[in-house]
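For reference, the structure discussed in these notes is given below.
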Amino acid sequence: MKKPSKDILRLPIEERAEIAFKIAVAKAIDENVRLGIPVYVWRKGKVVKLSAREARNSSRLNRSR
């Protein structure tokens, strides 16, 4: 994940909070993948278990957006 620019402090607090949340989630997914622990996500109204491989692939797709 790329590091936010120094101009981040000019953004409203809500946007900074969202950026911080996304970074924290990406780090948590990376840690689970590194340890081989499944990740649980919410999809279509249900909790779904993703293997470490599925989480890694899903995380990469979401980061490129």
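Quick look at the numbers
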quantity	calculated
Anchor residue 6: lysines whose Cα lies under 28 Å away (excluding residues fewer than 8 positions away in-chain)	22, 27
Under 18 Å from the Cα of residue 46 - aspartates and glutamates, other chains or at least 8 residues apart	54
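Every number here is computed from the coordinates shown, using simple stated rules; none is lab data. Bear in mind that the values here come from a model prediction, so they are computed numbers and not experimental data.
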